[in-house]
Every structure is written in structure tokens, then in C-alpha cells.
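Have a look at the structure below, then the notes.
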Amino acid sequence: MATVSVRSVRKNFGSTAILHGVDVEIADGEFVVLVGPSGCGKSTLLRMIAGLENITGGEIAISGRVVNTVPPKDRDIAMVFQNYALYPHMTVRENMAFSMKLAKAPADIMEQEVRRAARILGLEHLLDRYPRQLSGGQRQRVAMGRAIVRHPQVFLFDEPLSNLDAKLRVQMRTEIRELQQRLGTTTIYVTHDQIEAMTMADQIVVMNGGRIEQTGRPLELYDRPANIFVAGFIGSPAMNLIPGEVADGAFRAQGGAVLPLPPGAPSRVATYGIRPEHLVLAEDGIPATIVVVEPTGSETQVSMRIGDTPLTGAFRERVAGRPGETLRVKPDLSLVHLFGPDGRRL
Amino acid sequence: MSTATSTAPAWVRQRQQPGALARLFDSKPFLIVVCLLPAVGLLMTFLTYPLGLGIWLAFTDQTIGRPGIYIGLENFEFLFEDPIFWGAVFYSVFYTAIATVGKFGLGLWLALLLNQHLPMKSILRAIILLPWIVPTVLSAIAFWWIYDPQFSILSWLAMKIGIRETPFDFINSAWPARWSLIWANIWRGIPFVAISLLAGLQTISPSLYEAALLDGASPWQRFRYITFPMLLPILAIVMTFSIIFTFTDFQLVYAITRGGPVNSTHLLATLAFQRGIPGGQLGEGAAIAVSMIPFLVFATLFSYFALARRKWQQGEAND
């Protein structure tokens, strides 16, 4: 198997800089998710690792070998595309065998490999179909089968689930993770969906505007986001990020709310962060006006206001309040995130 | 106001029984006939009638100025014995075959080139289209000058740089004339092929090429396994049209050689015109034109089978 090192990699399209020096170290067998909003450069980075885009600066090494000038086919990688990129005029079998056919593999080996991949993915009864005759999830599996038969050192996934419906997406998420654990192949996975990132990754790389905001294990990012961007990006519903300033030992928000600070909080706090699920209902809490109540069954999400400061809460309890009524909430002080004027965690 | 006897309020208007005309316009069969009439009328007048007349004329001995009588297959029997007619059949097939191969070879090559990222791509595409925009007769006249025995620019150039002592013989003997006309036809046909195939190339998703690149395909293998099979449906359509246009070509040949020298470059269309209009033998000309029909039917059948949807293009599951 393989390690992947990305060392101060830069990418320009013409005069536009897409990546401004990115470093990622991926250990052997690790599942790494690159996540970020559209246009953050995550797909570009993946395509550079695949060899589909050339590298403006820095270097990329797979298993210690610098591959900057190595053509894609010699990098020993396999990629699953967002639109699957199945060859429409070939059957499932031909699609999966195509790379081996080009490499002039013997027919019996080809058939054996295709059968193995089809068995792993549950595609055995579909081998003679054309991509047009398959459902989205089946096409997705064929695309993975095409990657598996090559026994690559690294799997690359470029937003593979974004064309599937919500239910199938959850199912395929588990399937891909399970497959990766079974094969133990180093995997780099690009998505804009933080839930996919949280649920699948060993390590998440959060990207924004061509830079890495934070790298870490999913719960590390959730528990200790390094800056406001990561705090707002990871977690659903998103963290409440309230601008304001410290005054008289409490946090005075711009909208007028006064929130308690944890002991020993520095005085240069500019943003107060509290996740909706870390607000608790309490008799001695701050009075907040309910705006919208959204029950999801397992929990209840409540949009509310303290003065003019909007706040979202997510409670395990069933909140019976109606819009306009008052709810008393307080933040769990041990789970409050404080950010300085530069947006960094304090 | 209180005198109303009906149970309905007075302001409800009684629904009138529709008149005969209104009922007629409500009837679907009538509407179908009325709506189709203009189109059917145009087609009958400008397509079916001339075609029918042409076929009828082929079975008469009509000449210009004298109404003909029905003579059965006599025109065809005469043509069957006529070496000039068979020469025209041979040259029509030869002309179509070679010009089609040339047009598609060069057209596909151009389309592949234009599908790359080239500087000034749109200007290049516009230039490629030029031969097709110019009216055929104009480009035919240009070629006539290029092929002229005395004033040919090519001969002048060749003599100027000293690779030839005498002018080229382009259209003064049979085989050079045949090849010269084929080249003019290829030149004129390339834009149509290139632009149509370029449109087809642009429908192929770039990610297929990327996937093939990762699968280890060389440029030739990408063409052989991705581009060509995916281009095949549009290639079949364009080829059918091209074969029909080339086989029925008239303008280029008539403007450059008029079928000469010694009838060596007559196509069926030019021979039909030659015999029918300047020669006055309308019946015989029509018979030559009618004899093109089997060839065209064959080309159409070719398209019918080549265009039949391939299995991979079908959406339905078939298990």
C-alpha cells in the first residue's frame, strides 16, 4: 500500500491562483477526506494527485516517489469520478476490464478479476448490462469496480455521491467506508458535504479559498475547531457564531444578548461560538424568544432570538413552545468556543 | 323583476345551440384535413408531382417541343446498350466512393484538430467553413481557373520554381479530369463533415478521456476505444447525407468540365441534364435520372440500418 505526501503544492490557472501552498501527509491505509465549499481547490488538488492537472509548484509523492512528472497511468492510482465516467458503449464487464485489456492481460485473469470485483460489489448479475440500463447506485458501484480491479496503491474519489438521492447516499457512504476498510487501500475522498467527511474519514482536511484551514480527526475538528471557518463548517446544524466583545466579565453580543463566559476567558474575545446541541434548557437560563420550532423526532431544533441576536438550539427534549413565546436557555460553559479578532481559536 | 318564472337567475344567459359551422370546426377529422392541407399541397406540387412527372417521362419518347407517347422500357433498353451511360454510372460510383473517403478522412482529422485547445479556435472554425458558404458555382469557377490549361496558377507556380517545363494537365484528358473533379468535391465537402463531426466530438464527456487516461490508454487507444465508437452514430448520419449529396452532384462537374473530355467525367445527373435539356431528349434524360433511384434507395437503406439505435444507446433494461 502507499503513503501520499503533498508538499507546499501550488496551482495557478493562468494568473489566478487556485492553491496557495498546501501540505497534506497521508499515512498508509488511511481514509482522508478533503472537504470545503465549492471552489476551495479540493477537486483541483485531487486531480493533481491523479495527474490530470499539472503542478505549478511544490511536489506530490506517492510511496516516497515524487510523481510531479509521472503520467497518470504510471502513478498506480484509480479514480472514481463524480459523473462516474463509465464508457457508455461498453458493458459493465468491458468497463471493468478496460484497463486490463489495454495492459494486454490474459483473458482468464481479466475474467477472474472482474468476477472478484463484481462479487465484492454485488454486481455479478449485471455484468452484461450497459451503463444506461443501471440505476445511479449501480453505476456508482461499477465505477468503484473499475477502480478495484486495478489493485491501485491509492483510491481517489471525486464527490462520488453527489449525484445520488439522499437515502442511497447514506447507504453508499457506509459501503465505500466498509470496502475501504476491507481492502485497506489508502484513499483520498473529496466532498463538499461535512457529514460525509465526519462519518467516513480517518482524517479530515478542511479547505477554503485554496488554503488548508485545519487537518485532524473528525472529532478533533468538532471539539476544537482551529478557527471560525472550521467551527461554522463542521457540525450540523451549524455552530452559533456570535460577534461582540467582553465587558464586565461577560460577553456582550452585537445584538444585545449577554452571554456567560467560561472561567479564565481572555478579554480579547471577538466571536462567541456555541453549538446548538450545547445549549441547554434551564430555569435560570437567559430568556429567548422562539422564532421557529423544527422537530426532527430525535431532537428539536429551535430558532430563537435573545434581544436581536439570533441563536439556534437543538434539544433532546421535546420543546412545546410556539413562536413568540419565551424559552430559557444557557450555554454549557465547558463547550463554549472563543475566537479572537483574527478568527483564530483562543 | 319579481316576475321571473324560470328557476335560473335572470342574468344567466341561455347556452345557444352551436351552429353547423361551429360544429364542423369542432370535428377532429375536419380539423386534421384542414391543418394538413397546406403542407400536403406544397409537397404534392413541388415534390410528388415533379417526381411523378419525371418517372412518367422516363417511359415516354417526349422531346422538347413534341409531346411524347408511352414507349414502355425502350429508353432503359437503349441506355443499357449505351457505353456513355455505363461510363457515367461508373464515374458516379467512383466519384462518390473516393470523394467520401477523402472528405471523411480529412474532415475527421480536421474535427479532431479543432477539438483540441488551439489559439484562435473560433477564427479557425470560421475559416474552415468558408468553402461551404461560397456558392458552389463560384467555387467551381475558381477551380476551373485553377485547372485551366493555360492560366492555371498551379502550373504557373510549378514552372516558376522550375519543377515543371510544361503546364499541368488537369482537365484535358480523362483520368486527370476525373481526379481533379474529385479533389474539388472533397475540398467543398470537408467543412460539412468537419463541423458536423466536431459537434459530435463535443458531446463526448471529457471525463471519459480522463478515465481512459487513468486506465492507461495511449492517444491512439483513446481514439480507437472512446472517440470512434461514440462518434459512430453521428458519423453514420453525416456519411449518409454526404453520399447522397455527392452521388447527385451536378454543379461542380457541369461548371468545370461539362462532362468532358469525351464524356469521361459525366455523372448521372450531368448526363441526364445533357441528354434532356441541351440534347432535347426529355424522355431519355428522365430515364437516366430515374436510374439513380436504386442507388439512392441503397444509400437510404444504409442509413436506416446504420442509424438503428445501438444497444448501448437504449435506456430500457432488457433482462
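Looking at this structure, is B:SER155 more than 14 Å from chain A (Cβ to nearest Cβ), of a type in the set (Ser, Thr, Tyr) and within 30 Å of B:LYS121 (Cα to Cα)? Taking the combined requirement at face value, the residue does not satisfy it.
Taken together, A:SER43, A:SER99 contain a single residue that is in a helix (DSSP H, G or I), under 22 Å from B:ALA211 (Cβ atoms) and more than 26 Å from the chain's Cα centre (by Cα), which is A:SER99.
Are any of the residues in segment B:267-283 surrounded by fewer than 20 Cβ atoms within 10 Å (Cβ to Cβ), at pLDDT below 85 and not hydrophobic (A, V, I, L, M, F, W, C)? No, every residue in segment B:267-283 fails to be surrounded by fewer than 20 Cβ atoms within 10 Å (Cβ to Cβ), at pLDDT below 85 and not hydrophobic (A, V, I, L, M, F, W, C).
Within segment B:255-268, how many residues turn out to be part of a helix (DSSP H, G or I) and either within 14 Å of chain A (Cβ to nearest Cβ) or without any contact (Cβ under 8 Å) to a residue 24 or more places away in the chain (or both)? The qualifying residues number 0.
Considering only segment A:144-154, I want to know if a residue exists there that is more than 14 Å from every other protein chain (Cβ to nearest Cβ) and at pLDDT below 90. Scanning segment A:144-154, I find no residue that is more than 14 Å from every other protein chain (Cβ to nearest Cβ) and at pLDDT below 90, so the answer is no. Of all residues in segment B:79-111, those satisfying the criterion of being among the aromatic types (Phe, Trp, Tyr) and either under 30 Å from B:LEU231 (Cβ atoms) or surrounded by fewer than 15 Cβ atoms within 10 Å (Cβ to Cβ) (or both) are B:PHE80, B:TRP86, B:PHE90, B:PHE94, B:TYR95, B:PHE104, B:TRP109. Among the residues here, A:PHE31 does not qualify as touching a Ser or Thr at 6+ places or on another chain (Cβ under 7 Å), within 14 Å of chain B (Cβ to nearest Cβ) and modelled with pLDDT of 90 or more. Residue count for segment B:70-129 under the criterion of being in contact with a Gly (Cβ under 9 Å, 6 or more places away or on another chain) and of a type in the set (Asp, Glu): the result is 1. The C-beta contact set for segment B:135-158 (first residue free of Cβ contacts under 8 Å to residues at least 24 places away in the same chain, second residue hydrophobic (A, V, I, L, M, F, W, C) and not in a helix (DSSP H, G or I), distance under 7 angstrom, 6+ apart or interchain) comprises B:TRP145/B:PHE151; B:SER152/B:PHE168; B:SER152/B:PHE170; B:LEU154/B:PHE168; B:SER155/B:PHE168; B:ALA158/B:PHE168. Which of the residues spanning segment B:209-225 are within 7 Å of another protein chain (Cβ to nearest Cβ), surrounded by 21 or more Cβ atoms within 10 Å (Cβ to Cβ) and out of contact with any Ser or Thr (no Cβ under 7 Å at 6 or more places or on another chain)? Within segment B:209-225, B:ALA211, B:LEU214, B:ALA217 qualify.
Within this structure, B:TRP175 fails the test of being closer than 30 Å to A:GLU53 by Cβ, more than 10 Å from chain A (Cβ to nearest Cβ), aromatic (Phe, Trp, Tyr) and exposed (fewer than 15 other Cβ atoms within 10 Å of the Cβ). Candidates are the residues of segment A:68-102 that are of a type in the set (Ser, Thr, Tyr) and on the phi < 0 side of the Ramachandran plot; the one that is nearest to the other protein chains (Cβ to nearest Cβ) is A:SER99. With a requirement of 1 or more residues that are surrounded by 22 or more Cβ atoms within 10 Å (Cβ to Cβ) and among the β-branched types (Val, Ile, Thr), the helices (runs of 4 or more DSSP H) lying completely within segment A:188-239 that satisfy it span A:228-233. Filtering segment B:140-181 to residues that are among the small types (Gly, Ala, Ser) and out of contact with any Leu (no Cβ under 8 Å at 6 or more places or on another chain) leaves B:ALA142, B:SER152, B:SER155, B:ALA158, B:GLY162, B:SER173, B:ALA174, B:ALA177, B:SER180. Of the residues making up segment A:52-72, those that are in contact (Cβ under 8 Å) with a residue 60 or more places away in the chain and surrounded by 15 or more Cβ atoms within 10 Å (Cβ to Cβ) are A:ILE62, A:SER63. For the condition touching a Pro at 6+ places or on another chain (Cβ under 9 Å), of a type in the set (A, V, I, L, M), farther than 20 Å from A:VAL35 by Cβ and in contact (Cβ under 8 Å) with a residue 24 or more places away in the chain, A:ALA231 does not qualify.
Screening B:ILE204 against (1) assigned to a helix (DSSP H, G or I); (2) of a type in the set (Val, Ile, Thr); (3) within 12 Å of another protein chain (Cβ to nearest Cβ) leaves a single unmet condition, (1). Pairing each residue of segment A:317-330 that is in contact (Cβ under 8 Å) with a residue 24 or more places away in the chain with any residue that is of a type in the set (D, E, K, R), provided the two are 6+ apart or on different chains, yields no C-beta distance under 6 Å. If you check A:THR300, A:THR312, A:THR296 for being without any contact (Cβ under 8 Å) to a residue 12 or more places away in the chain and farther than 17 Å from A:GLY340 by Cα, only one passes: A:THR296. The single condition among (1) of a type outside the set (Gly, Ala, Ser); (2) outside any helix (DSSP H, G or I); (3) within 13 Å of another protein chain (Cβ to nearest Cβ); (4) over 19 Å from B:LEU213 (Cα atoms) that A:ARG132 does not satisfy is (2).
For segment A:106-125, a tally of residues being surrounded by fewer than 20 Cβ atoms within 10 Å (Cβ to Cβ) and either within 11 Å of another protein chain (Cβ to nearest Cβ) or outside any helix (DSSP H, G or I) (or both) returns 3.
The values are calculated or read from the model by the stated rules, or taken from the named source; none is laboratory data. Worth saying up front: this structure is predicted, and the values here are computed from it rather than measured. Glycine also receives a Cβ, built like all others from the backbone with ideal geometry; neighbour counts cover every protein chain displayed.
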